[in-house]
Each structure stands twice: as C-alpha cells, then as structure tokens.
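Encoded as structure tokens, the structure appears first; notes follow it.
The values are calculated or read from the model by the stated rules, or taken from the named source; none is laboratory data. The structure presented is a predicted model; accordingly, all values stated were derived computationally and were not measured. So basically every Cβ, Gly included, is an ideal-geometry build from the backbone, and we count neighbours across all protein chains shown. The protein model used for the area step is the full one, side chains on, heavy atoms only, and it has no ligands, DNA or RNA in it. Shrake-Rupley method; radii C 1.70, N 1.55, O 1.52, S 1.80 Å.
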Amino acid sequence: MKNRALIWVFLSVLLLGAFGMALYLRRPVEYRSDQFLMDTLVSIKVYGRDTEKLRKAVSEAYAEMHRIADLTDRFPAKGTTAYTESDVCRINEMAGVRPVLVDKEVFAMLEVARNYYDLTEGAFDVTIGPVMRLWGFGGNNPHVPLAGEIKDSLAFVDNTQLVLNRKARTAFLGKVGMNLDLGAIAKGYATEIALQALKRNGIKKALIDAGGNIRVLGTNSGNDFWRVGIKNPLRTGGILAVLSLKDSAVVTSGDYYRYFESGGRRYNHILNPGTGYPATENVSVTVVTKDAGLADILSTAFFVLKPEKVLEIAKKQEGVDVFLVTADKRILYTPGLQGRIELRGEGDFRNDPSR
Ligand code: ADP
Ligand code: MG
C-alpha cells in the first residue's frame, strides 16, 4: 500500500517535471542588441526559436536605422571624417538658392511634417532649425538668447516656405538662413522602418526602444501584453502609469530628457514656434498609436499645445491616444486608454478622470 502511494508521488513528480520542461522549451529565446544611433541609445529585443535568424533580422533593422540617420542627420556622426552629406544638410545648404532632389523617404517625411504643421496650427514645425541653433540645443553651449535675437531668427521659421515639389521630388527652403531640423520625427520614423525590417524577416515578437521611442511587435515572450511604464517627470525612478499593449508605439516627449538650467529655470529642447521659447504647457506627453513615426511627431507637437487643444485634436485622430502631465500638475488622458492603463498614484498630481 505504502509503495503504491510512493509510486504515485513519483509519477506525479515526473509528469510535472516533463510538463515544466515542455513549457520551458516552448518559450522563445531572446536576442538583444544595443547601439548608439541618432544621438541616443537604441535597444532591439527580438524573440524566436532560431538565434541565427534573430541575429540577421536585428542586423537588418539596424542597417535600416543607419540608412535613415544618414539621410536625416544634420551633422556628421562624432568621430567620422568621411561622411556622405545627408539630404537634410543639402537642403539647408541650398536654402534660398535652389531646390534639391531628395530621397523618397525624406520627401515622404517632409510631406507628413507639413500635414502635422497644418493639423497643429503650426505647433509642429520642422523649419525650427534657426531658433534651435540660437539656443545652442544640440551643441555644447546652450544658453538663453536675447529677446531680440529670438525675434530675428523667428523670421526664418516658416513651414509654408518649405516648397515641396512632388513631381520632381525636390525640397526647397525659400530663404537664405532657413534651416530644417528633423529631430522630432526622424527617430520615430527610423524605429518604424526598423520594425518593418524585423517583420520582413519573419519576427513575430519584438521590442525596439530608441531613447524612449518604444515600438512593440506582437505580444511579449510570455504571450501577454507588453508592459510599458510612463515615467514620473517630477521624480527620478518614479513610474506614473503602466500601459498594457501589443502591436503599438509609445513615445514620450518630456521636459526632463534634454534641457539645460540657467538662473534657476529649466529650458527644454522643444520650442514653441510661435514664440521661439521652450514650450511650457506640459511636462510630459505620451502618445500611443500604431505607428512609431506618427507617435514621435505627435508627442513633440502635443508638448507645445495647450492640454485642452491636445485632447481636442487627439479625439479627432483615429487610433491616437495620449497621456498628459500638464505644467499645472494635472494628469489627463484620452478614453481610449481606459482598460489599458494602470495608474500608480504617485501623489504628485491631480488625476482628472473626467477626461
Ligand atoms: P527627443 O528627440 O528627445 O526624443 P522629441 O521627439 O520631442 O524629443 O524631439 C525634440 C526635437 O525636435 C528637438 O531636439 C528639435 O530638434 C525638434 N523640435 C523642437 N521643437 C520643435 C517643434 N516645435 N516642431 C518640430 N520640431 C521641433
Ligand atoms: Mg518627437
């Protein structure tokens, strides 16, 4: 009798072990690779069975990102001497001189940028270059310019003077001194292109994180939603909310990413094209949508706009959700996030659930 019980126990343990083993073997392997690209740390994680296939997919995704970077960079990458001039550099050099033939994808980016310039009533403007330069963002001596200097350089910021000729596929900045800056769009666009490269290589599960521009493919390795945290802009290490997502992009523009301090004030690198000064309506704007390129554009554009305006525009955009932390410490988000968001109640903010 006793022996029989023991045999049963033994068999059960064996069965459990085999079951566990089967589950373990079913779990896909992870392949991860990081690179410094487009002035930020990019990390790509993919899941599957065959490491060699995963490695090849990721290497193609990075090749695509480098290709977009080479087309859109405004300066040669650090440490390189021989570099081919990017389309953006050529457009800038020929400002006020003549139209420049550009790559198909650059042209597409400029057309999309124009659409969002219109949609956001000018809050999103890729001709912001002259004022960015004046503030010294991107360089090693950022500083607060004189009001007169800002006013003068604003005369060279005007998306309507970026002439796009679809037939000839040319771009032309109408005035000498104008300057294109695709900093708000290139990274997201490249992230989306990289994800498409992964898909072409048969990848079904992936996460790309390009300096906070996040794009997930499929579900996570445990066949569950990916969980993406939204940082508390007021508290390092704090998480304000967690999103549960699949097949989506999440991009945050915050005033705590890139900024400098002067006279006890913080100046962040997203400028209001109307004033030439850093935008102050929001401290962090997260956009959730399918496409990483669109999410990148909208997070920057919405950062500039008044919260009420952001919600109004987002509502009209199919499949676009937004989570805002306003300058007056309110948390607002679109109804589409309900059921996909878990608030962590960090206590620094007033939650406004009526939205
Ligand atoms: P990050 O590059 O840190 O992820 P964003 O995507 O918000 O942040 O892009 C900020 C960049 O966008 C700036 O560094 C600048 O190149 C550009 N930019 C700043 N203000 C504007 C604006 N109002 N419209 C379009 N581009 C902008
Ligand atoms: Mg952006």
Would you check if Ala171 is more than 10 Å from ligand 1 (Cβ to nearest atom), under 26 Å from the mean Cα position of the chain (by Cα) and either aliphatic (A, V, I, L, M) or open to solvent by 50 Å² or more (accessible area, probe 1.4 Å) (or both)?
yes
Exclusive hit being within 16 Å of ligand 2 (Cβ to nearest atom), modelled with pLDDT of 95 or more and of a type in the set (A, V, I, L, M, F, W, C), set Val250, Val216
Val250
Please determine whether any residue of region 151-159 is under 20 Å from Phe75 (Cα atoms), assigned to a loop (DSSP other than H, G, I, E, B) and within 16 Å of ligand 2 (Cβ to nearest atom).
no
Among the residues listed as Leu294, Leu271, the single one being farther than 26 Å from Leu134 by Cβ, aliphatic (A, V, I, L, M) and touching a residue at least 60 places away in the same chain (Cβ under 8 Å)
Leu294
Taking Gln161 as the residue in question, decide whether it is within 19 Å of the chain's Cα centre (by Cα), more than 11 Å from ligand 1 (Cβ to nearest atom), modelled with pLDDT of 95 or more and surrounded by fewer than 23 Cβ atoms within 10 Å (Cβ to Cβ).
no
Lone unmet requirement of (1) in contact with a strand residue (DSSP E or B) (Cβ under 7 Å, 6 or more places away or on another chain); (2) charged (D, E, K, R); (3) surrounded by fewer than 17 Cβ atoms within 10 Å (Cβ to Cβ) for Lys231:
(3)
Among the residues in region 302-310, are any out of contact with any strand residue (DSSP E or B) (no Cβ under 6 Å at 6 or more places or on another chain), under 16 Å from Gly183 (Cβ atoms), within 14 Å of ligand 1 (Cβ to nearest atom) and of a type outside the set (Lys, Arg)?
yes
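Each row is one residue, and each column tells you yes or no for (1) closer than 27 Å to Leu294 by Cβ; (2) more than 20 Å from the chain's Cα centre (by Cα); (3) within 16 Å of ligand 2 (Cβ to nearest atom).
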position	(1), (2), (3)
Thr51	no, yes, no
Arg55	no, yes, no
Ala61	yes, no, no
Asp118	yes, yes, no
Glu121	yes, yes, no
Pro142	no, yes, no
Being of a type in the set (A, V, I, L, M) and in contact with an Asp or Glu (Cβ under 6 Å, 6 or more places away or on another chain) is the filter here; which residues of region 187-226 pass it?
Ile193, Ala194, Ala197
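Collect the residues in region 202-216 that are over 17 Å from Arg27 (Cβ atoms) and buried (at least 21 other Cβ atoms within 10 Å of the Cβ), keeping them in residue-number order. Explain how you work it out, then say what you get.
Of region 202-216, the ones over 17 Å from Arg27 (Cβ atoms) are 202, 208-216.
Across region 202-216, the qualifying residues are Ile208, Ala210, Asn213, Ile214, Arg215, Val216.
Could you please find all residues in region 213-267 being within 26 Å of Leu198 (Cβ to Cβ), hydrophobic (A, V, I, L, M, F, W, C), more than 16 Å from ligand 1 (Cβ to nearest atom) and assigned to a strand (DSSP E or B)? Steps first, please.
So the first thing to find is which residues in region 213-267 are within 26 Å of Leu198 (Cβ to Cβ), and the list is 213-231, 242-253, 257.
Within this subset, residues satisfying the condition of being hydrophobic (A, V, I, L, M, F, W, C) are 214, 216-217, 225-226, 228, 230, 242-243, 245, 249-251.
Narrowing further to those that are more than 16 Å from ligand 1 (Cβ to nearest atom): 216-217, 225-226, 242-243, 245.
Val216, Leu217, Trp226, Val242, Leu243, Leu245 - these are the residues of region 213-267 that are within 26 Å of Leu198 (Cβ to Cβ), hydrophobic (A, V, I, L, M, F, W, C), more than 16 Å from ligand 1 (Cβ to nearest atom) and assigned to a strand (DSSP E or B).
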Given (1) touching a strand residue (DSSP E or B) at 6+ places or on another chain (Cβ under 8 Å); (2) aliphatic (A, V, I, L, M); (3) within 16 Å of ligand 1 (Cβ to nearest atom); (4) under 28 Å from Gln196 (Cα atoms), index of the condition Ile341 fails:
(3)
Cβ pairs under 6 Å, 6+ apart, first in region 84-110 and among the small types (Gly, Ala, Ser), second at pLDDT below 95 and assigned to a loop (DSSP other than H, G, I, E, B)
Ser86/Asp73
Note on Phe36: of the conditions (1) open to solvent by 60 Å² or more (accessible area, probe 1.4 Å); (2) more than 16 Å from ligand 1 (Cβ to nearest atom); (3) more than 27 Å from Gln161 (Cα to Cα); (4) modelled with pLDDT of 95 or more, unmet is (2)
Of all residues making up region 266-279, the number that are away from ligand 2 (no atom under 15 Å from the Cβ) and either of a type in the set (Lys, Arg) or modelled with pLDDT of 95 or more (or both):
5
